[in-house]
Amino acid sequence: MPAMNRAFASVLPLLIFHLSSLLLASCLAAPISTSTDPHPLEAYVFVTANPQATATPFQPSPNTETPIPSPTIEPSATATFTPVPTNPPSPTARPTDAPPPISGDNPQYTISALMDYANHTVTVSQVILYPNQTGETLSSLVLGVNPNLWTGVFSIYSLTVNDAPGDYTLSGQWLTVNLGPALQPGQTVKIGLTYQLNLPYSSTRHENFGYTWRQATLIDWYPFVVPYAGNGAWVLRDPHPYGENLVYPLADFRVNLTFADSAPPVVAASAPARYENGAFLYDFPNARNFTISVSPLFLVQTADADGITIYSYYFAEHAAAAAHVLEMTRLAIMTFSSVYGSYPHTALSVVETDLNDGLEADGLYFLASNFYNAFDGTVRNNLSVIAVHETAHQWWYGGVANDQANEPWLDESLCTYSERIFYEYNYPGSLNWWWNFRIYYYNPTGYVDWRIYDTGSFRAYVNAAYFQGAKFLEGLRSRIGDAAFYAFIQDYYARNRGRIATANDFFTILAEHTSVDYSDLLGSYFTYR
Ligand SMILES: [Zn+2]
């Protein structure tokens, strides 16, 4: 999910209040006609103004799903309620679910971080081993430095190239390292960095990076070599008030995290830790990024999803909601592993945060405390929907990455449609509710393939890339049939896992799985196809 900037967030509640008022008025005047939609509306969905601005405004609705019994809260215990039993989908034979490229081909990030939680600083020593897999001779490398988008946050102390003092320029998020002797194809260069982060107070403007009164989060916090596009071009997109802009090549991460504080906080991270000699040690191979969130107040519950360990980090007042998140995530992993292909890692952490949304990272995702606050004990709420959505990002964003700025629909439409698949297989009685709550409420318009820069507002962007995207996928599935649709999705996942996929990859593979004409759908939903 995208974060939004502070200015926009400040006006969004007002906008949503007005929008909600208008929609409520129209709902009361006459039922919305959905004659062309495959899923007719249920009875009225009564809409109230969103109490907080989110990408997915909360809508109370009549609870016709069987309420979920309150789970037993035991640390490290699997939530005890039983969902509606269904058989996971058993699509046609899955193509070889090959693992991503072996680690030796990946850039290697070795990061030693000393956090002073009380004083909101992180001192970092980082080594990057970058193998030149581009097939071209490189005279420079471009590293993305997200923390340097803000004044006074990122201070670089040293930079070396193959252990010698390096020549570089740092401007905004661009850190350009001149390599001296050019890096030939197949050669590896070693970049050394030392720097300090003075964490900002986290607001929506900082997209969850920084600290709050009870938490500190390191996301997109270290310099990383951005993808190379050929002919001297590097893929480092401009930030935008909404939507995400970074594009992540696959890499291997080895992180050593220590604390200056006498009593270290509880640590959530993209991978499970080993704790040795006062240090949290992590290995996270074949990954997009490495994210850390810490709090002295975190509690944790765990569950197992067929060998995948799920950690749910939460604050004490939200134990029941955290258990529900754990179970939604477990079910989502089981469902998507069956529908798409195997989960990319061995664990997944869910982290409660004061960010006002959900947000994906590799091996970890964030959920807003507001969603926990509003949890009503059922599967019909933002907590459930967004937990499923962010879990799906482990396949679409983590497993298969994409250009989040220029082709955001590639992950967002698939993750939104993944919610539909989740409800279809686990809570079929809530599927129509999901269409109403998530899609039809917004009466989405716009083109699926708009970039984050192409829409006039956050709402227009989400309506297009997420919701029109889900409608397109629904139309495509109806048109070509379930067998071809699932065979295509599995093939797209298997062949692009570990890669940065493009719309061309998507449509090229789709064309291999059907001869049905869907050109009218492309004409309706896409600008460039
Ligand atoms: Zn998303």
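The values are calculated or read from the model by the stated rules, or taken from the named source; none is laboratory data. From a predicted model like this one, the values you see are computed outputs, not experimental measurements. Positions of Cβ are generated from backbone atoms using ideal geometry, with glycine treated the same way; all protein chains shown enter the neighbour counts.
Some notes on this structure:
- Qualifying residue in segment 306-319 (condition: modelled with pLDDT under 95, farther than 30 Å from Asn496 by Cβ and surrounded by fewer than 24 Cβ atoms within 10 Å (Cβ to Cβ)): no
- Complete set of residues in segment 222-281 that are of a type in the set (Val, Ile, Thr) and touching a residue at least 40 places away in the same chain (Cβ under 8 Å): Val225, Val226, Val235, Val247, Val255, Thr258, Val266
- Scanning segment 272-305 for residues that are closer than 19 Å to Met334 by Cα and either in contact with a Lys or Arg (Cβ under 9 Å, 6 or more places away or on another chain) or among the aliphatic types (A, V, I, L, M) (or both) yields Ala303, Asp304, Ala305.
- Figure legend. Inter-residue proximity from segment 386-403: first residues touching a residue at least 60 places away in the same chain (Cβ under 8 Å), second residues within 8 Å of the ligand (Cβ to nearest atom), beta-carbon distance below 6 Å, spacing 6+ or different chains. Indicated pairs: Ile386/Gly358; His389/Cys415; Glu390/Gly358; Glu390/Glu360; Ala392/Cys415; Tyr397/Glu360; Tyr397/Asp411; Asn402/Asp411.
- Residue in segment 101-112 that is at pLDDT below 95 and part of a loop (DSSP other than H, G, I, E, B) present: yes
- Counting only strands (runs of 3 or more DSSP E) that fall entirely inside segment 302-378 and contain at least 2 residues that are in contact with a Pro (Cβ under 9 Å, 6 or more places away or on another chain), the qualifying elements are 308-314, 347-353.
- Failed item in (1) of a type in the set (Phe, Trp, Tyr); (2) over 25 Å from Val350 (Cα atoms); (3) more than 14 Å from the ligand (Cβ to nearest atom), with Tyr427 passing the rest: (2)
- Filter pass, Gly358 being within 16 Å of the ligand (Cβ to nearest atom), modelled with pLDDT under 95 and under 11 Å from the mean Cα position of the chain (by Cα): yes
- Taken together, the residues in segment 252-272 that are crowded, with 16+ Cβ neighbours inside 10 Å and aliphatic (A, V, I, L, M) amount to 6.
- Across segment 167-190, the number of residues qualifying as within 24 Å of Pro147 (Cα to Cα) and assigned to a loop (DSSP other than H, G, I, E, B) comes to 2.
- Single condition Phe467 does not satisfy, out of (1) in contact with a helix residue (DSSP H, G or I) (Cβ under 8 Å, 6 or more places away or on another chain); (2) farther than 24 Å from Asn443 by Cβ: (2)
- Subset of segment 379-421 [away from the ligand (no atom under 12 Å from the Cβ), part of a loop (DSSP other than H, G, I, E, B) and either closer than 20 Å to Pro227 by Cα or modelled with pLDDT under 95 (or both)]: Gly399, Asp403, Ala405, Asn406, Glu407
- Output for segment 354-376, where each listed residue is of a type outside the set (D, E, K, R), surrounded by 24 or more Cβ atoms within 10 Å (Cβ to Cβ) and on the phi < 0 side of the Ramachandran plot: Leu355, Gly358, Leu359, Ala361, Leu364, Tyr365, Phe366, Leu367, Ala368, Phe371
- Residue selected from segment 459-497 under the condition within 18 Å of His389 (Cα to Cα) and of a type in the set (Phe, Trp, Tyr), by the criterion surrounded by the most Cβ atoms within 10 Å (Cβ to Cβ): Tyr466
- Just one of the listed residues (Gly363, Gly341) is over 14 Å from the mean Cα position of the chain (by Cα), modelled with pLDDT of 95 or more and within 22 Å of Ala251 (Cβ to Cβ), namely Gly341.
- Single unsatisfied condition, Thr455 versus (1) within 16 Å of the ligand (Cβ to nearest atom); (2) outside any loop (DSSP other than H, G, I, E, B); (3) among the polar types (S, T, N, Q): (2)
- Matching residues, segment 177-216, being over 30 Å from Asp116 (Cβ atoms) and touching a strand residue (DSSP E or B) at 6+ places or on another chain (Cβ under 7 Å): Asn178, Leu179, Gly180, Ala182, Leu183, Thr188, Val189
- Of the residues making up segment 379-426, those that are touching a Pro at 6+ places or on another chain (Cβ under 7 Å) and surrounded by fewer than 24 Cβ atoms within 10 Å (Cβ to Cβ) are Tyr425, Asn426.
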